[in-house]
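Structure record follows, encoded as structure tokens.
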Amino acid sequence: MADPIISIKSLLKIYPPSTVAVDGVDLVINSGQIHAVIGENGAGKSTLMKVIYGLTAKTDGEIYINNKKTHFSNPQEAVNAGIGMVHQEFMLIPNYTVYENVILGTEPVGRFNILKKEQSRKKVRQLIEEYNLNLQLDSIINNISVAAQQKVEILKLLYRDVNVLILDEPTAVLTPQEIEDLFMRLKKLRDEGRTIIFISHKLDEVLDLSDIITVMRKGKKITTLENKNLSKADLARAMIGRDVVFTVKKDKASPKDVVFSVSNLKYKNEQGIKLLDNISLEVRAGEIVGVAGIEGNGQYELVRSIIGLLTPDSGEIKINDKRIDKLNILDRRKEMAYVPQDRKNTGSAQELSLVDNSIMTHHRINKNLSGARDYILSRRGARDLTDKLINKFEVISESKSQPIKSLSGGNQQRLIVGREFMLSDNFILLDNPTRGLDVGSIEFIQLEIIKKRDQGAAVLLISADLDELFGLSDRLLVIHEGKIIADKDPTKTNKEEIGAYMLGAEAGDYR
């Protein structure tokens, strides 16, 4: 029987004044296992990990590490005790090398504080070879792939000889091939006696990787299960208390006239790197066109060019045969709905109320929000719009006046998606609309996207989630190094082929 490496007893975390994030949780993490922690947004799983790792102070309860009562005041104390965490947003310095990032903060020095460079380089090189990480010590972080950067984060923890690795949504930006490679390495670490705590919303991956699964809901631990004969439906039911539809049902698309088009779009950055390399695409009314690609291959620049935050070097962007690439952002927004990938920094104003966030852009376009004069906002109109949005998109909230930051991630996204979907039925630009959401919120938002398509909207969907792209897209494009290199019917391809294109395979290369 495995020995407990972390034991948690009656753990309580309350954020002032009265938000209970973790509610009396008891949990045992055994050594030498991969233990998944799953739950809806706001279930408390990330807060629980932050308390364990010393990022957040507990309100009450006890934590035992190797049967010794412990309290970490900061992450460095956790690392010293053998517990490390790889965050969803990597903690790397882009201009430093792999080697420099790995040893940063733990540089071995001798007399007169002179760095023992050869000694530390030898240790890092040995770890790379031992775990077959395929990294070059002197590669600049900015110049390596996202998957390689993730390996560097894991290497940092191995260099510090941690026994417990906490991984927060580690597959969010990886291709199927890279996920398979990561899982192989994690299982190797487990087999060598290390412990992995795996946080993910992707239930297929949880079932594929984990030995033990803990389900949380509304701050409480619902159950801990051995991963034997479990299904996605079992886990989803435990997470949200009802059955969930995993495969979005939709009728075959009946595309009509072209609504949105991009022609010969080009853009180079200040270093002369082609980030958009002659991009051309079309989206028709009643059609969802998906765009797959590893992050950093031009998706970000494509979205910014469409919305007006970036000026391409050449090319045209049209909506309903009207050029918009010369218009300002507000005039473009009159023609489209836009759901950005970063709901906290781009999609909302976190400190402001639900009303303030609901009327964004509407207040400049929707005449129902104007009073007797165009420049006077109707408070009643703003409240009515917010009520309608909250009801239609099932946003769980206590008050329209509460700040949006007080909502769970899923409810924040429902409000943002609702605001945008109530803005336009014409062209909808979606940039990772369900990233980081739980299965219940994903199901709801994806069904709303299908409804929009069926009502005749043209939808361009950029997503890092291949399951989402295959489930929603009527056509699937692949972008690599700023080029569209594949245009596929999702019903006539598979994730492995799309993953190969994402890694740069040319037509005919995939087997």
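The values are calculated or read from the model by the stated rules, or taken from the named source; none is laboratory data. Bear in mind that the values here come from a model prediction, so they are computed numbers and not experimental data. Here Cβ is always computed from backbone atoms with ideal geometry, including for glycine, and neighbour counts include all displayed protein chains. Areas reflect the complete protein model, heavy atoms only, side chains present, ligands, DNA and RNA absent. Shrake-Rupley method; radii C 1.70, N 1.55, O 1.52, S 1.80 Å.
Going down the list Lys250/Lys492; Lys334/Lys451; Lys220/Lys452; Lys50/Lys344, which pairs span over 24 Å between their C-alpha atoms?
Flagged as over cut-off: Lys220/Lys452.
At 1.4 Å probe size, what's the solvent-accessible area of Lys488? Round to the nearest 10 Å².
50
Need one number: convex hull volume per residue for the stretch 35-189, Cα atoms only, in Å³.
Residue-normalised Cα hull volume stands at 142 Å³.
Considering the dipole of the chain built from charges on the beta carbon (Lys and Arg +1, Asp and Glu -1) around the Cα centre, which of Ile240, Ser314, Thr97 is farthest to its positive end?
Farthest towards the positive end: Ile240.
Remind me, relative contact order of the stretch 313-395 in percent, using alpha carbon pairs under 8 angstrom and six or more residues apart?
It rounds to 17 percent for the stretch 313-395.
Based on Cα coordinates alone, diagonalise the gyration tensor for the stretch 341-497, multiply each eigenvalue by 5, take square roots, and list the semi-axes in whole Å, largest first.
32, 17, 14
Quick one: give the max-minus-min coordinate of the C-alpha atoms of the stretch 294-432 along each principal axis, largest first, in Å.
For the stretch 294-432, the Cα spread along each principal axis is 47, 40, 23 Å.
Taking Cα pairs under 8 Å and at least six residues apart, what relative contact order does the stretch 83-192 come out at, in percent?
42
Only four residue types carry charge here, +1 at the Cβ of Lys and Arg and -1 at the Cβ of Asp and Glu. Report the dipole size of the stretch 196-349 about the Cα centre in Debye, rounded to the nearest 20.
Rounded to the nearest 20 debye, it is 700 debye.
Rank by packing, highest mean first: peptides 433-439, 295-301, 406-412, 311-317, with packing defined as the count of other Cβ atoms within 10 Å averaged across residues.
433-439, 406-412, 295-301, 311-317
Putting +1 on Lys and Arg Cβ atoms and -1 on Asp and Glu Cβ atoms, find which of Asn426, Leu447, Phe470 reaches farthest to the positive end of the dipole of the stretch 408-486.
Asn426
With bins 20 Å wide starting at 0, give me the P(r) of the chain over every alpha carbon pair, in whole percents.
Each 20 Å bin holds this share of Cα pairs: 20, 52, 26, 1.
Return the carbon/sulfur percentage of the accessible area of the chain, one whole number, probe 1.4 Å, all protein chains in place.
Summing carbon and sulfur atoms, their accessible area is 46 percent of the total for the chain.
With a 1.4 Å probe and all protein chains kept in place, how much accessible area does Met184 have, in Å² rounded to the nearest 10?
Approximately 110 Å² of Met184 is accessible to the 1.4 Å probe.
Which value, to two decimals, describes the C-alpha radius of gyration of the stretch 405-489 once divided by 2.2 N^0.38 Å?
My calculation over the Cα atoms of the stretch 405-489 gives 1.13.
Given only helices, namely DSSP H runs of n ≥ 4 each adding -39500 (n - 2.57), what is the per-residue ellipticity at 222 nm of the chain, to the nearest 500 deg cm²/dmol?
Computed ellipticity for the chain at 222 nm equals -9000 deg cm²/dmol.
Please compute the modelled spin-label separation between Gln88 and Leu309, points set 7 Å along Cα→Cβ, answer in nm with one decimal.
Going from the Leu309 label point to the Gln88 one covers 1.7 nm.
Taking one equal scatterer on every alpha-carbon of the stretch 198-319, how large is log10 of I(q)/I(0) by Debye at q = 0.09, 0.10, 0.16 1/Å?
-0.50, -0.59, -0.84
Expressed as cubic angstrom per residue, what is the convex hull volume of the alpha carbon set of the stretch 111-230?
Normalising the Cα hull of the stretch 111-230 by residue number yields 156 Å³.
Under the 0.36 nm per residue contour assumption, what length would be gained going from the current alpha-carbon distance of Lys405 and Asn328 to full extension?
Additional length available on full extension: 24.8 nm.
At a probe size of 1.4 Å, how large is the accessible area of Thr175, to the nearest 10 Å²?
So the heavy atoms of Thr175 present about 0 Å² to solvent.
When the dipole is taken about the Cα centre of the chain, and only Lys, Arg (+1) and Asp, Glu (-1) are charged at their Cβ, what size is it in debye, to the nearest 20?
For the chain, the charge dipole is close to 1220 debye.
Can you give the Rg and Dmax of the stretch 382-445 based on its C-alpha atoms, in angstrom?
Reported Rg and Dmax, both Å: 11.7, 32.
Tell me the per residue accessible area of the stretch 90-190 using a 1.4 Å probe; a whole number in Å² is fine.
That works out to 49 Å² for each residue.
Might you report the magnitude of the Cβ-based charge dipole of the stretch 313-437 about its Cα centre, with Lys and Arg at +1 and Asp and Glu at -1, to the nearest 20 debye?
340
Say R0 is 56 Å: what FRET efficiency, to the nearest 0.05, do Asp161 and Lys367 get from their beta-carbon distance?
That pair, Asp161 with Lys367, gives E of 0.30.
Within the stretch 34-58, name every residue whose backbone N is under 20 Å away from a label modeled 7 Å from Cα of Thr224 along the Cβ vector.
So the set is 34-40, 43-54, 58.
Set Lys and Arg Cβ to +1 and Asp and Glu Cβ to -1, take the dipole of the chain about its Cα centre, and tell me which of Ala382, Ser120, Gly347 lies farthest positive.
Among Ala382, Ser120, Gly347, the one farthest towards the positive end of the dipole of the chain is Ala382.
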